[in-house]
1. Would you look at the GNM of chain A, springs on alpha carbons closer than 10 Å, and say which of A:167, A:54, A:157 moves the most?
2. Could you name the aspartates and glutamates in cross-link range of residue A:158, using Cα to Cα under 14 Å and dropping any fewer than eight places away on the same chain?
3. Excluding residues fewer than 8 places away in the same chain, name every one of the lysines whose C-alpha is closer than 22 Å to that of residue A:120.
4. Spin-label point model (7 Å from Cα, Cβ direction): what's the residue B:18 to residue B:245 distance in nm?
5. Suppose every Lys and Arg Cβ carries +1 and every Asp and Glu Cβ carries -1, with no other charges. What dipole size does chain A come out with about its Cα centre, to the nearest 20 debye?
6. Using modelled amide H (1.01 Å from N, peptide plane; none on Pro or chain starts), what sits under 5 Å from the amide H of residue A:72, excluding residues fewer than 5 places away?
7. Run lengths n ≥ 4 of DSSP H only: what is the helix-derived mean residue ellipticity at 222 nm for chain B, with -39500 (n - 2.57) per run over all residues, to the nearest 500?
8. Taking residue B:163 as the anchor, which aspartates and glutamates have their alpha carbon closer than 18 Å to its alpha carbon, excluding any fewer than eight residues away along the same chain?
Amino acid sequence: MRNGLLFFLGLFAALLITWAGIVLGSNAQLGHLAPYFDENEGKAYPENTPGIAARGLLVYDDLGCAACHTQQVRRPSYGSDKARGWGDRQSVARDYMRQSHVQLGESRIGPDLSNVGARKPAYDAEDLYKLLYTGQGGMPSYRFLFEDRKVIGEVSAKALNLVGSLAPAPGHEIVPTHRAEALVAYLLSLNNVYEYPEARPVEPAAAEKGEHK
Amino acid sequence: MTTASHAAVTAEASNIDSSARCTLSFLIASALAWLLVSGLLAVLHLVQAYDASFLAHCPIFTYGRLGAMQETASIYGWAANAGLAVALWLLARLSGSPLRSLNWACGGALFWNLGVTLGLVGIALGEGTSTSFLHLPYFVQPLLLVAYAAIAVPGVLAWTGRKQSMTFASQWYAVAALFLFPWLLSAAQVMLHFAPVRGVLQAIVEGWYVQSVWYLWLFPLALAAAYYLVPKITGRAIPSYDFSALGFWTLIVIGDWTAGRHLVGGPVPAWLVSLAIVSCALLLVHFIIVALNLRGAFSSGGPVLKFVAFGLFSYLVGGLWDAVTCMRSVAVITQFTWIDQAQTQLALTGAFSAIVIGAIYFLFPRVTGQAWPSATLITAHLFTTVIGTLGLVLSLVVAGWIQGHDLANPAVSFADIAAHTSSWLHFALAAQALLLVGNALFALHFIRLACTKPAASGVSVFAQPPAMEASAS
């Protein structure tokens with residue numbers, strides 16, 4: 001390789017072509033996605049995340065929750081995602097179109113969280129606060145998201161109902177901080193169960209019978 | 001070998017090396033400091049992996065933040081500083097003249113390390129972006145780009161001012177790494193953080209950036225060193241050198257198409273994943289050519305050659321491993337498990353670090369004009385690197401395999417998975433600690449050499465390069 005200029009042009013072209021292929025190629029396919037309007041329900045999906053949940057995403061980001069949790073359900077015939085109750089259908093690009101920061105995640109030290117707001121039996125906020133406060137299995141406790149304070153007057157309506165060794169000292173209460181409230185609101189907003197036309201699960205059995213959903 | 005490297009032989013221990021003493025010492029010293037920081041963080045991170053309550057009360061050390069800090073310290077701290085030092089030195093050697101505009105590199109290195117330090121503090125305080133390979137907070141990213149450009153100035157000048165028009169494989173790899181990284185970094189910054197693309201495109205861009213950092217930056221930096229050191233130390237020309245250009249362009253042109261490598265089964269276009277699988281297989285051409293060209297590394301030689309040989313071994317095994325685990329039928333088990341971690345470790349600690357450490361052992365005595373004080377310390381470092389890396393990678397692979405099979409069985413709870421993998425994570429921790437001890441020895445050895453005054457007859461140390469490699473000093 002004697003020609004330096006040609007060498008640089010080659011390097012640049014290689015980078016540009018791959019970038020165009022990967023990024024512009026995907027954009028050509030996904031860029032026109034729009035919310036899906038369901039006329040029966042009179043609503044467009046995916047729904048907008050409420051403000052407090054959008055703030056919760058920032059907490060999810062800064063604590064690094066994605067180090068252990070994915071947010072992508074694989075199709076029913078691929079892996080045990082459906083059997084573990086993470087979702088009846090695979091995640092599709094449209095699920096994420098309203099999220100300001102998409103965190104698909106790379107590691108499943110803990111369960112997938114794509115549909116944590118749609119679990120059966122359903123979680124309520126209290127369950128998630130307790131989970132965050134005490135930790136469970138391989139999950140650490142995040143006590144710094146809670147405030148241990150003296151009860152002044154009546155016990156706060158937000159105070160966690162903890163018993164046994166976890167109970168606060170007498171006259172004290174454990175209440176979630178704003179960050180914990182935002183994080184839990186975000187988690188409960190994760191609810192991608194609406195069946196878009198492109199998201200109907202591919203059941204191998206149905207294909208064999210020649211059925212077309 | 002080409003004329004370029006012949007010219008370099010005659011320039012042995014000349015002012016080409018000594019003129020860059022300050023800058024290269026600073027880059028290498030910072031690299032070693034970051035290597036220790038990232039090793040320490042990696043140990044803490046692995047303790048948390050099996051004991052979730054460890055440091056759990058401490059918000060700056062959540063498992064996620066610790067992992068982000070460790071990754072940042074090892075890539076932007078250790079790998080960037082060390083890789084740039086080696087690349088600058090190689091380009092100077094192969095251009096046949098001393099580096100020019102070193103002030104730029106010095107200032108750039110200062111700001112680069114300042115940026116990485118601020119970045120780590122930012123991540124600890126919750127400013128991290130939670131983006132693979134780009135956890136650095138928004139406010140330091142532009143600084144890093146500018147600092148990088150400044151560090152690369154002497155390298156670009158060495159390339160444009162080279163004395164021979166004919167170029168050598170080392171130069172291609174070094175120049176490609178220097179030139180392409182700013183494009184990657186700026187494109188990723190804009191598309192992910194400053195004007196983020198919408199929806200899953202973010203995940204696709206993230207995948208593109210991660211694979212680009214490997215294939216267009218870190219691996220080329222390591223290969224630049226390997227292509228220089230192997231013929232230099234063995235004293236034999238590179239066999240089948242004609243193929244090296246094909247190997248180079250295969251890596252540069254195909255490497256990036258593996259962007260969908262970690263998105264198998266995800267909510268992304270299926271062609272992206274298929275393309276990644278095909279590209280991983282096509283890249284085997286590159287790995288075969290590297291193996292063919294650099295097989296001399298596996299002949300007998302001193303510790304420098306052994307470091308390079310171990311690095312190349314990791315590189316080749318990693319390439320093959322990648323081609324196997326990205327296939328859909330394998331990824332259904334291995335994806336999202338410790339096996340992904342094992343691959344990262346094999347590529348970074350094994351392939352990149354071993355080759356670059358070998359290069360530092362080779363270049364630093366030449367830059368300072370005196371030999372390493374102790375051959376025993378070098379041998380000890382070699383052993384800890386080889387055993388530590390193999391132990392770490394193998395225990396993570398076993399842990400990942402168990403984890404993958406448990407995940408596939410919905411009856412196994414996450415608490416059970418943690419219990420099943422726990423003992424293997426202990427092994428991984430021991431290996432990581434061993435690596436840290438070895439790297440600490442390396443840092444001490446480096447300080448000892450850097451603090452001794454140059455001998456009056458420093459040049460005589462390098463009278464017989466081949467003999468010197470054999471005695472490791």
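None of the figures in this text is laboratory data; all of them are computed from the coordinates on show. Worth saying up front: this structure is predicted, and the values here are computed from it rather than measured. No Cβ is skipped: glycine too gets one built from the backbone with ideal geometry, and neighbour counts run over all protein chains shown.
1. A:157
2. The reachable aspartates and glutamates, counting only those whose Cα sits under 14 Å from residue A:158, are A:124, A:126, A:127, A:147, A:148, A:173, A:181.
3. Those lysines meeting the cut-off are A:82, A:130.
4. 3.8
5. Working: 22 positive and 24 negative charges, 106 e Å.
Value, rounded to 20: 500 debye.
6. Result for residue A:72 returns A:113, A:114.
7. Details: 19 runs with 327 residues, N = 473.
That comes out to -23000 deg cm²/dmol.
8. Cross-link targets: B:12, B:17.
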